[in-house]
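These notes are about the structure you will find just below.
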Amino acid sequence: MKTIFITGAAHGIGLATAKRFAAQGWFVGLYDINSEGLDQLLSAGEFPNACGQYCDVTQRGSIEEALKHFADHTAGRLDVVVNNAGVLSSGKFEEIDPSAHDLIVDVNIRGLTHVAQAAFPLLKQTSGSTLVNLCSVSSVHGLPLLAVYSASKFYVNGLTEALHIEWAPHDIRVTSVKPPVVNTAMGHQLEPQLTEKMAMDMEPDHVAEAIEMAVEGKRIGYLLGTSARLWGWVDKFLPESGRRSLVRYLTGH
């Protein structure tokens, strides 16, 4: 039985991904800081082949405990890691509480990095394994009102590209999915002007489907949605002034 380890699995994209892979017969590991939510999910009967427990990706020890817990249930097999846990703060850069900026760095950058590194031994010993990092369309160009979040996704994109090459000799494929605004609790934290032209028309199930596609595919990154793919394509050919003008238009600046 193939196995998948998911961070941020108690809700949103993580939960949708867990449900999708469980429905296809995978053994699913659900890990999140919301231990009460995980207990409810695991006791509801929707995940007959699953395990899970509390995992705080800002704490290296917590990640290592979660991976050991998972490995104890799978005899050390780890086919896929979905590095999904993430946080967002939206607003003017200078007005956002510094602690919110710190949390983005701690979760989206440090946490994602530590999960990947701690999972490496299990991925290496599982033939044909895959690491999927949750990135974002905001990695195409830095977005105002999402400056630190957007920057964190540039980091995710760069790490993915580097590890895609570095881990290939170990038979580990590294890829990312880059959704636009998703209809989740995190998506609803965005400043209203950000969703005027970047509509919140993608559901967690759509991202879960893309994660499955990424696991089965060969590309390094997957921009999701027609508008996001068009933006990504156009951005490659515009001069810098044109790129800035397009972002100003998209974000109401």
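Among the conditions (1) among the hydrophobic types (A, V, I, L, M, F, W, C); (2) assigned to a helix (DSSP H, G or I); (3) touching a helix residue (DSSP H, G or I) at 6+ places or on another chain (Cβ under 8 Å), Ala214 misses just one, which is (3). Filter the range 174-193 for residues that are over 13 Å from Gly86 (Cβ atoms) and crowded, with 21+ Cβ neighbours inside 10 Å; which is nearest to the chain's Cα centre (by Cα)? Result: Thr175. Within the range 237-248, residues that are closer than 16 Å to Pro144 by Cβ have Cβ atoms under 6 Å from residues that are surrounded by 12 or more Cβ atoms within 10 Å (Cβ to Cβ) in these pairs: Arg243/His141; Arg243/Asp235; Val247/His141, counting only partners at least 6 apart in sequence or on another chain. From the list Val156, Val148, Val174, the one residue that fits, being more than 25 Å from Leu15 (Cβ to Cβ) and of a type in the set (Val, Ile, Thr), is Val148.
Considered as a group, the residues in the range 227-252 that are surrounded by fewer than 12 Cβ atoms within 10 Å (Cβ to Cβ) and not in a helix (DSSP H, G or I) include one that is modelled with the highest pLDDT, and that residue is Pro239.
Does the range 125-140 contain any residue that is surrounded by fewer than 16 Cβ atoms within 10 Å (Cβ to Cβ) and out of contact with any Asp or Glu (no Cβ under 7 Å at 6 or more places or on another chain)?
yes
Among residues of the range 57-69 that are free of Cβ contacts under 8 Å to residues at least 12 places away in the same chain and more than 18 Å from Val28 (Cβ to Cβ), those with a beta-carbon under 7 Å from a residue that is buried (at least 16 other Cβ atoms within 10 Å of the Cβ) and of a type outside the set (A, V, I, L, M) at least six positions away or on a different chain give the pairs Ser62/Cys55; Ser62/Asp56.
Look at the range 163-187: where a residue is closer than 20 Å to Met213 by Cβ and a partner is at pLDDT below 95 and charged (D, E, K, R), sitting 6+ places away or on another chain with Cβ atoms under 6 Å, you get Asn183/Glu203. In summary, Tyr54 fulfils each of the numbered conditions (1) within 23 Å of Ile33 (Cα to Cα); (2) buried (at least 18 other Cβ atoms within 10 Å of the Cβ); (3) free of Cβ contacts under 8 Å to residues at least 60 places away in the same chain; (4) in contact with an Asp or Glu (Cβ under 9 Å, 6 or more places away or on another chain) with the single exception of condition (2). Looking at Asn133, Asn108, Asn83, just one residue is out of contact with any Cys (no Cβ under 7 Å at 6 or more places or on another chain), modelled with pLDDT of 95 or more, among the polar types (S, T, N, Q) and over 19 Å from Ile172 (Cβ atoms), and that residue is Asn108. Annotation: Val105 fulfils all but one of (1) touching a residue at least 60 places away in the same chain (Cβ under 8 Å); (2) surrounded by fewer than 23 Cβ atoms within 10 Å (Cβ to Cβ); (3) among the aliphatic types (A, V, I, L, M); the unmet one is (1). Does Val115 satisfy the criteria of being part of a helix (DSSP H, G or I), among the β-branched types (Val, Ile, Thr) and more than 15 Å from Asn84 (Cβ to Cβ)? No: the conditions fail for Val115.
The residue pairs whose first member lies in the range 114-125 and is under 14 Å from Phe70 (Cβ atoms), whose second member is among the polar types (S, T, N, Q), and whose beta carbons are closer than 7 Å, counting only pairs six or more residues apart or on different chains, are Val115/Thr7; Val115/Asn83; Leu123/Ser129.
The values are calculated or read from the model by the stated rules, or taken from the named source; none is laboratory data. No experiment lies behind these values; they were computed from the predicted model shown. We place every Cβ from the backbone using ideal geometry, glycine too, and count neighbours over all the protein chains shown.
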